[in-house]
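Colleague: Below: one structure in C-alpha cells.
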Amino acid sequence: MRLAFQSLSLQFPIAEGGSLPVLDKITASVEEGEFICLLGPSGCGKSTLLNVVAGLLSPTEGSVVIGDVEITAGARALPSGIGYVFQEPRLLDWMSVEKNLLLTLKPLGLPAAERAALIRRYLDMVGLYAFKDTYPQRLSGGMQSRISLIRALIISPQIILMDEPLNSVDAITAMRIRGEFVRLLEAARPTILFVTHNIGEAVYFADRIFLMTNRPTSIYREIRVTLPRPRSTTSRELTELEAEIGRILVEEILPD
Amino acid sequence: MQSEKVQQLPVIASSAPRASRAVRRRVGSYLPYLYSVLGALLAWWLLAALLPSQFILATPLQTFTVLGGLLQKPDTYVHIVLTLMRLFIGFFIAEILGLILGTLMGLRQYFERTFSLWVVIGLTIPSLVWAIITLMIFGLSEAGVIVAIAITSFPVITVNIWGGVKSINTKLLDMAKVFRLSRADILLRVILPQILPYVFSSSRYGIGICWKIAVVVEMLGSSNGVGYQFAYWFGLLSMSHVFAWTFILVVIMTVMEFGVIRVLERRVLAWRPEINF
Ligand SMILES: Nc1ncnc2c1ncn2[C@@H]1O[C@H](COP(=O)(O)OP(=O)(O)OP(=O)(O)O)[C@@H](O)[C@H]1O
Ligand SMILES: [Mg+2]
C-alpha cells in the first residue's frame with residue numbers, strides 16, 4: 001500500500017491550556033513495498049507519527065492517505081492491514097504467548113491448522129517456541145519484544161509500523177532476527193515505517209532514511225540507500241554511510 | 001534458528017526429606033494465623049472475666065457451650081440457610097447491575113455524567129434508611145429484605161468497577177483496535193481481565209456489606225434468619241446466644257473469604273506475578 005503525507009501537522013493539547021506542536025507539516029510519499037527508516041532525536045515525534053498512520057491519533061492539519069483511506073483532522077479512520085510493533089510490548093498478560101498470537105490471528109479467519117503452523121513458524125523464527133505456553137510476565141523484556149515483533153508480522157500486513165522493535169534484544173540475537181526478517185521480506189513486500197536509534201540498523205534495512213528534526217518534527221533530509229541486498233553490516237559503503245548520517249545528526253540536527 | 005530450551009534442573013535432594021520439609025514450611029506459614037486466634041481468645045476471656053456483669057460479655061466457655069447446643073438443633077441451619085439465600089440473591093443482583101453500570105460509566109462519558117452524582121448519593125445513604133424504606137414499600141416480605149440488600153451494596157460495587165474500568169491500560173485498547181479485534185473480544189479478553197481484580201475486591205466488600213444489612217433488615221422485620229435470632233436473644237438479654245450467633249456469622253464469612261473467594265481469585269488471576277515488597 002502507498003502512503004502519502006500531505007502537510008501533516010499535529011499538536012497535543014496540554015493541561016495548562018495551549019498546545020504542544022509535535023508534527024510540523026510533514027510531506028512525503030512512500031511507495032508500495034518501500035522500507036523507510038525514521039531516525040531522529042528522542043521525544044521529537046516519531047511514535048506520534050506512527051500512531052497517526054495506525055489511525056490512533058487524528059492530525060490537527062493536513063492528511064495522510066493510506067491506500068484508499070484518508071485520515072484528516074475531521075475524519076479518523078482505522079486503516080486495515082496494519083501490523084504495529086509498539087515501542088512497548090503491549091502483550092495481554094493474562095494469556096499465554098500462544099493465546100496472544102491466536103487472538104491477533106482471529107480476525108483473519110484462518111483454519112486452525114494453518115494458524116498453528118504460522119505460530120510455530122514465527123515462534124521458531126525468534127527462537128521462542130519452547131515458551132508458547134508461558135505468560136508474558138514470566139518472559140524477559142527482550143523476549144516480550146520478540147513476541148510483540150512476530151505478533152505484527154504473523155498477520156502478513158500490508159503496512160508494518162515498527163517502533164524500535166529490537167532495542168531490548170541483545171546484539172547477536174538482534175542480528176539473527178534482522179537476517180530472518182530480510183529473508184521474510186523477500187517473499188511478501190509490505191510497506192514499512194521503521195523507527196530506530198541505531199544508525200547501523202537503518203542503513204542495513206532502508207530503501208530510504210528520513211532524518212527527523214527536533215520537535216516539532218519534520219523531515220530534515222531524505223537519504224536513499226541503493227546498496228543491493230542482502231547487505232553486510234561490515235561492508236565499506238555501509239559503514240561510510242553510517243558515519244555520514246551520524247555526522248548530520250550530531251552537527252546539524254541535535255544542536256537546536 | 002534453534003529455539004531456547006527450557007532446561008531441566010538436576011534433582012539434587014531425594015524426594016522424601018524434601019516433601020517433609022515442604023510440609024513443615026507449609027505448617028509454619030499458618031502459625032501466625034494460629035497465634036492471632038489464640039491471642040484473640042485470650043483477650044476475650046480476660047475481658048469477660050474482668051467485666052462485672054454477665055449481661056455485657058459472655059465468656060468463651062459460655063459462648064461455646066451455647067454454640068454446641070445450637071449446632072445440634074436443625075432450626076439453626078434453617079435460619080442460616082434463609083439468611084444466606086437472601087444474602088446471595090441480593091448480592092448477585094447488585095454485582096451484576098454494578099458490573100454493567102460501572103463498566104458503562106468507565107467507558108462512556110455520557111453514562112459517567114448521568115450517573116456519578118446518583119451513585120455518590122447512593123453511597124452516602126445509610127443502609128438502615130434503605131432497610132426502613134424497603135420495609136415500608138414491600139412490608140415484611142422476602143422481596144423487601146432482598147431489595148434492601150441489593151440496593152445498599154449496589155453503589156459500592158458500582159464505584160469499585162467504575163474505578164477499575166477507568167484505570168485500564170488504554171495502550172492495550174489501542175493495540176486491540178489496530179489489530180482489528182472484534183468488539184466482543186475487546187470486551188471479554190482485553191477489558192474484562194483488567195477489571196477482574198476489581199470484581200473480586202468489590203465482591204469481597206459487597207458481601208461484607210450484604211451480611212450486615214441482611215442481619216439488620218432481618219432484625220427489623222423478619223420472623224426468621226440470623227438477624228431475627230439476634231433480635232430475639234438480645235431481647236432476652238442472653239449475651240451468650242448473641243455471641244454464639246455472631247460466632248456462626250464470623251465462621252461463615254471467613255470460610256467464604258478463604259475457602260471460596262481467595263481460591264477463585266488465585267485461580268483466575270494466576271497470570272499475575274507475586275507481589276514481594
Ligand atoms: N498522548 C500524548 N499527549 C500529550 N503529549 C504527548 C502524547 N504523546 C506524546 N506526547 C508528546 O509528544 C512528543 C513526541 O513524543 P513521541 O513519543 O512521538 O516521541 P518519539 O520521537 O517517539 O521519542 P522516543 O524516541 O523517545 O520514543 C513528546 O514531547 C511527548 O511528550
Ligand atoms: Mg517513541
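Colleague: Which three lengths, in whole Å and largest first, does the protein assembly as shown cover when its Cα atoms are put on their principal axes?
Modeller: 98, 65, 50
Colleague: Return a whole-number percent for the relative contact order of region A:175-256, with Cα pairs under 8 Å and 6 or more residues apart as the contact set.
Modeller: 27
Colleague: Using only Cα atoms, what is the ratio of the radius of gyration of chain A to 2.2 N^0.38 Å?
Modeller: Scaled against compact globular proteins, the figure is 1.02.
Colleague: Within region B:124-179, list the trypsin sites (Lys or Arg not before Pro) lying in a DSSP loop whose Cβ has at most 13 other Cβ atoms in a 10 Å radius.
Modeller: none
Colleague: Okay, next question. Step through the table entries B:Lys166/B:Lys212; A:Lys25/B:Lys177; A:Lys46/A:Lys132; A:Lys106/B:Lys166; A:Lys25/B:Lys166; A:Lys106/B:Lys177, compare each Cα-Cα distance with 24 Å, and write down the pairs that go over it.
Modeller: Among B:Lys166/B:Lys212; A:Lys25/B:Lys177; A:Lys46/A:Lys132; A:Lys106/B:Lys166; A:Lys25/B:Lys166; A:Lys106/B:Lys177, the Cα-Cα distance tops 24 Å for B:Lys166/B:Lys212; A:Lys25/B:Lys177; A:Lys46/A:Lys132; A:Lys106/B:Lys166; A:Lys25/B:Lys166.
Colleague: If exposed GluC sites (Glu not before Pro) are those in a DSSP loop with at most 16 other Cβ within 10 Å, what is the longest stretch of chain B that has none?
Modeller: B:5-273
Colleague: Between B:Val165, B:Val145, B:Val226, where does the largest GNM mean-square fluctuation fall for chain B, given springs only between Cα atoms within less than 10 Å?
Modeller: With Cα springs under 10 Å in chain B, the top fluctuation among B:Val165, B:Val145, B:Val226 is at B:Val165.
Colleague: Separate question: Just to be sure I understand the rule: take each whole DSSP H helix in chain B, project its Cα atoms onto its long axis, keep it if the span is 20 Å or more and its mean Kyte-Doolittle hydropathy is at least -1.0. Which ones pass?
Modeller: Those that clear 20 Å and a mean of -1.0 are B:15-50, B:74-107, B:109-124, B:142-166, B:192-221, B:239-254.
Colleague: Could you state the number of Å between the C-alpha centres of region A:155-196 and region B:81-112?
Modeller: When both Cα centres are located, 47 Å separates them.
Colleague: Same structure again: At a temperature of 4 °C and a viscosity of 1.567 mPa s, determine how fast region A:43-98 diffuses translationally according to Stokes-Einstein, using the Kirkwood radius over alpha-carbon pairs as Rh; express D in µm²/s, rounded to the nearest whole number.
Modeller: Calculated translational D: 101 µm²/s.
Colleague: For region A:1-125, treating each Cα as an identical point scatterer without solvent, what Debye log10 I(q)/I(0) comes out at q = 0.21 1/Å?
Modeller: Each listed q corresponds, in turn, to -1.22.
Colleague: Using square roots of five times the C-alpha gyration tensor eigenvalues, list the equivalent-ellipsoid semi-axes of region B:62-268 in whole Å, biggest first.
Modeller: Equivalent ellipsoid semi-axes, largest first: 38, 20, 12 Å.
Colleague: Under 25 °C and 0.890 mPa s, how fast does region B:18-116 diffuse according to Stokes-Einstein, given a Kirkwood radius computed over C-alpha pairs? Answer in µm²/s, whole number.
Modeller: 128
Colleague: Express in whole angstrom the spacing between the alpha-carbon centres of region B:149-167 and region B:225-277.
Modeller: Cα centroid to Cα centroid, the span is 21 Å.
Colleague: So, one more: Evaluate the Debye formula for region B:94-194 with equal point scatterers sitting on the alpha carbons, no solvent, and hand back log10 of I(q)/I(0) at q = 0.11, 0.20, 0.23 Å⁻¹, in q order, two decimals.
Modeller: Evaluating at q = 0.11, 0.20, 0.23 Å⁻¹ gives log10 I(q)/I(0) of -0.43, -0.96, -1.12.
Colleague: Moving on to the next point. Connecting C-alpha atoms closer than 10 Å in a GNM of chain B, tell me which of B:Val215, B:Val190, B:Val27 has the biggest fluctuation.
Modeller: Per the Cα network of chain B with a 10 Å cutoff, B:Val27 tops the list.
Colleague: Another one. Quick one: the Cα spread of region B:144-246 along its three principal axes, in angstroms, biggest first?
Modeller: Computed over the Cα atoms, the extents are 68, 25, 16 Å.
Values quoted throughout were computed directly from the atomic coordinates according to the rules given, and no laboratory measurement underlies them. These numbers come from a predicted model, not from an experiment. A quick note on method: Cβ atoms are made from the backbone with ideal geometry, for glycine too, and the neighbour counts reach across all protein chains shown.
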